[in-house]
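Peer 1: Following this message is one structure expressed as structure tokens.
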There are 2 protein chains.
Amino acid sequence: MPRVFRKQVLVCTSEGEGKCASKGSLEVFQKFRDEVKARNLADIIVTKLGCTGQHPTGPTVVIHPDGLWYQRVTPDVVVEIIEQHLVGGKPVERLINPEMKVTG
Amino acid sequence: MPRVFRKQVLVCTSEGEGKCASKGSLEVFQKFRDEVKARNLADIIVTKLGCTGQHPTGPTVVIHPDGLWYQRVTPDVVVEIIEQHLVGGKPVERLINPEMKVTG
């Protein structure tokens with residue numbers, strides 16, 4: 001039985017000086033995992049991501065298939081992204097990184 | 001000036017016994033980077049990915065926004081994936097992992 005997801009949430013956990021892990025992204029990753037599980041959102045997969053070069057505005061979170069980059073993601077905005085974007089379908093515009101996009 | 005990509009290639013480089021890095025995925029990652037650069041495919045971004053649980057059939061490569069998982073990816077099939085799928089638009093069906101998909 002294949003696992004079919006609606007969204008993949010990619011949290012940059014790249015290590016090194018000034019990279020996302022040094023800015024608390026591991027806590028962001030864990031919070032996404034915990035809050036997605038708490039809501040039984042089985043159609044959302046949360047995965048770690050390597051560096052996309054956006055750590056100056058990190059922690060970085062990328063959501064596909066939307067192809068959107070979020071910037072400066074802290075644990076306290078994770079629930080807002082889940083409820084407004086992943087469940088509600090409306091990206092949280094004020095947190096979008098305008099520099100990067102995958103359009104397909 | 002925003003960077004707008006057509007595709008994001010995510011190569012699992014997860015470490016640990018039996019995980020993708022132990023199966024040569026770092027070479028796959030580097031080959032994707034090198035071959036994409038050699039072709040001046042500036043609309044393709046190649047990034048490292050964390051574990052999605054598919055290492056039994058790894059190395060794993062995920063391509064978005066298509067939401068497709070490739071399995072058992074070795075350096076010698078990288079050019080085929082680039083030319084047939086990323087440039088030509090036709091996924092390499094024999095390498096697709098049927099267990100995982102992001103549909104959007």
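Peer 1: Counting only other chains, and only Cβ atoms inside 10 Å, what mean value do you get across the residues of B:41-47?
Peer 2: 3
Peer 1: Turning to a different aspect of this structure: Could you pull the copy-to-copy label distances for A:THR74, with points set 7 Å along Cα to Cβ, in nm to one decimal and sorted shortest first?
Peer 2: Those label-point separations list as 4.9 nm.
Peer 1: Taking a label point 7 Å out from Cα toward Cβ, give me the nm distances from B:VAL4 to the same spot in the other copies, shortest first, one decimal.
Peer 2: Label-point distances to the other copies, shortest first: 3.0 nm.
Peer 1: Let me ask something else about it. Mind checking the dipole of chain B: about its Cα centre, +1 per Lys or Arg Cβ, -1 per Asp or Glu Cβ, Debye to the nearest 20?
Peer 2: About 240 debye.
Peer 1: Using a 10 Å cut-off on Cβ atoms, rank the peptides A:7-16, B:81-90 from the highest mean neighbour count down.
Peer 2: Order by mean packing, descending: A:7-16, B:81-90.
Peer 1: With each pseudo-label sitting 7 Å past Cα toward Cβ, what's the B:LYS37-A:ALA38 distance in nm, one decimal?
Peer 2: With each label point 7 Å from Cα toward Cβ, the separation is 4.3 nm.
Peer 1: Considering the dipole of chain B built from charges on the beta carbon (Lys and Arg +1, Asp and Glu -1) around the Cα centre, which of B:THR103, B:VAL11, B:TRP69 is farthest to its positive end?
Peer 2: B:THR103
Peer 1: Please give the net charge around B:HIS85, taking every other residue with its beta carbon less than 9 angstrom from that of B:HIS85, where Lys and Arg add +1 and Asp and Glu add -1.
Peer 2: -1
Peer 1: Using 13 Å as the cut-off for backbone N distance, which residues of the stretch A:44-81 belong to the label zone defined by a point 7 Å from the Cα of A:GLU99 along Cα→Cβ?
Peer 2: Of the residues in the stretch A:44-81, A:52-61, A:69-72 have backbone N under 13 Å from the label point off A:GLU99.
Peer 1: If you plug each phi of the stretch B:65-71 into the Karplus form 6.51 cos²θ - 1.76 cosθ + 1.60 with θ = phi - 60°, what whole-Hz ³J(HN,Hα) values come out, in order, with x for Gly and Pro?
Peer 2: Result, ordered by residue: x, 5, x, 9, 9, 9, 10 Hz.
Peer 1: Sticking with this structure for a sec: Using a 10 Å cut-off on Cβ atoms, rank the peptides A:57-63, B:72-78 from the highest mean neighbour count down.
Peer 2: The packing order, highest mean first, is A:57-63, B:72-78.
Peer 1: When the C-alpha atoms of chain A are aligned to their principal axes, what extent does each axis show, in angstrom, from largest down?
Peer 2: Here the spans come out as 40, 27, 27 Å, largest first.
Peer 1: Okay, moving on. On average, how many beta carbons from a partner chain sit within 10 Å of the beta carbon of a residue in B:9-22?
Peer 2: Counting other chains' Cβ atoms within 10 Å and averaging over B:9-22 gives 1.
Peer 1: Just to confirm my understanding: which cysteines in the protein assembly as shown have no other cysteine beta carbon less than 4.7 Å from their beta carbon?
Peer 2: So far as the 4.7 Å Cβ criterion goes, A:CYS51, B:CYS51 stand without a partner in the protein assembly as shown.
Peer 1: Right, something else. In nm, one decimal, shortest first: how far is the label point of B:PRO56 (7 Å from Cα along Cα to beta carbon) from the matching points in the other copies?
Peer 2: Label-point separations across copies, in nm and ascending: 4.5.
Peer 1: Under Stokes-Einstein, with the Kirkwood radius over Cα pairs standing in for Rh, what whole-number D in µm²/s applies to the protein assembly as shown at 20 °C and 1.002 mPa s?
Peer 2: Estimated via Stokes-Einstein, D reaches 126 µm²/s.
Peer 1: Quick one: how many lysine pairs in the stretch B:1-77 have C-alpha atoms under 20 angstrom apart, if they're 8 or more apart or on different chains?
Peer 2: The result is 9.
Peer 1: Projected onto the charge dipole of the stretch A:16-104 (+1 at Lys/Arg Cβ, -1 at Asp/Glu Cβ, origin at the Cα centre), which of A:SER22, A:GLN84, A:LEU41 gives the Cα projection farthest towards the positive end?
Peer 2: A:SER22
Peer 1: Using the Cα gyration tensor of the stretch B:55-102, with a ≥ b ≥ c the square roots of its eigenvalues, what is the shape: rounded (a/c below 1.5), prolate (a/b larger than b/c) or oblate (neither)?
Peer 2: Oblate, since a/c reaches 1.5 and b/c is not below a/b.
The numbers here are math on the coordinates, done by the rules we state, and not lab data. Only a predicted model underlies this, so the values are computations on that prediction, with no experimental measurement involved. When we count neighbours, we look across all protein chains shown, and the Cβ atoms used for this are built from the backbone with ideal geometry, even at glycine.
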